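J.: This is the structure I want to talk about, given as structure tokens.
Derivation of every value follows stated rules applied to the coordinates shown; laboratory data play no part. The structure presented is a predicted model; accordingly, all values stated were derived computationally and were not measured. Using ideal geometry, Cβ is built from the backbone for each residue, glycine included, and neighbour counts are taken over all protein chains shown.
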Amino acid sequence: MSWMVRGLDVLRVVVVVDALLTWAIPREQFPRSLTSAMFDPVYGPIRSVLQPFTGSVDVSPIIALGVIYVVKRLLQPASTERQG
């Protein structure tokens, strides 16, 4: 289970990097094109639900980080019980 928690940590960092890249690099340029291809399937459903409420502000990375946090918290008790 600890590899899943580590994977979620990596995913969290990549989400933050992707959010920061949106300010600096156009979507078509590398590495933004790579992160867009990775996360648009994740952000898409979040955007479709939240866009009527948030307008042009994209909060989908924040929601994705929240989901990652919740999943990580659900997995951590299971991984610490087996190790201890």
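J.: When both residues are 6+ apart or on different chains and their Cβ atoms are under 9 Å apart, which pairs have a first residue that lies in the range 23-48 and is more than 20 Å from Ala64 (Cα to Cα), and a second that is assigned to a helix (DSSP H, G or I)?
T.: So the pair list comes out as Ala24/Arg32; Ile25/Arg32; Ile25/Ser33; Pro26/Arg32; Pro26/Ser33; Glu28/Ser36.
J.: Among what's in the range 49-62 and is within 16 Å of Arg12 (Cα to Cα) and either in contact with a Cys (Cβ under 8 Å, 6 or more places away or on another chain) or not aliphatic (A, V, I, L, M) (or both), pick the residue that is surrounded by the fewest Cβ atoms within 10 Å (Cβ to Cβ).
T.: Filtering the range 49-62 for residues that are within 16 Å of Arg12 (Cα to Cα) and either in contact with a Cys (Cβ under 8 Å, 6 or more places away or on another chain) or not aliphatic (A, V, I, L, M) (or both), the one surrounded by the fewest Cβ atoms within 10 Å (Cβ to Cβ) comes out as Pro61.
J.: Could you tell me which of the residues Ser2, Ser56, Ser60 is hydroxyl-bearing (Ser, Thr, Tyr) and touching a residue at least 60 places away in the same chain (Cβ under 8 Å)?
T.: Step by step, each of Ser2, Ser56, Ser60 is checked, and only Ser2 is hydroxyl-bearing (Ser, Thr, Tyr) and touching a residue at least 60 places away in the same chain (Cβ under 8 Å).
J.: Which residues, counting only those in the range 31-49, are of a type in the set (A, V, I, L, M), under 15 Å from Asp18 (Cα atoms) and more than 11 Å from the chain's Cα centre (by Cα)?
T.: Selection gives Leu34, Ala37.
J.: Of all residues in the range 55-79, count the ones that are assigned to a helix (DSSP H, G or I), β-branched (Val, Ile, Thr) and farther than 18 Å from Trp3 by Cβ. Steps first, answer last, please.
T.: Start the filter on the range 55-79 by keeping residues that are assigned to a helix (DSSP H, G or I), which leaves 60-79.
Restricting the remaining residues to those that are β-branched (Val, Ile, Thr) gives 62-63, 67-68, 70-71.
Applying the additional criterion that residues be farther than 18 Å from Trp3 by Cβ yields 62-63, 67, 70.
Residues flagged as assigned to a helix (DSSP H, G or I), β-branched (Val, Ile, Thr) and farther than 18 Å from Trp3 by Cβ within the range 55-79 amount to 4.
J.: Another question, if that's okay. Output the residue which, of all residues in the range 25-48 that are of a type in the set (Val, Ile, Thr) and in a helix (DSSP H, G or I), is surrounded by the most Cβ atoms within 10 Å (Cβ to Cβ).
T.: Thr35
J.: What number goes with the only condition from (1) under 13 Å from the mean Cα position of the chain (by Cα); (2) touching a residue at least 60 places away in the same chain (Cβ under 8 Å) that Gln76 does not pass?
T.: That leaves (1) as the condition not met.
J.: Also, quick follow-up: Checking Pro52 against (1) of a type outside the set (A, V, I, L, M, F, W, C); (2) more than 14 Å from the chain's Cα centre (by Cα); (3) not in a helix (DSSP H, G or I), only one condition comes out false. Which one?
T.: Of (1) of a type outside the set (A, V, I, L, M, F, W, C); (2) more than 14 Å from the chain's Cα centre (by Cα); (3) not in a helix (DSSP H, G or I), only one is false for Pro52: (3).
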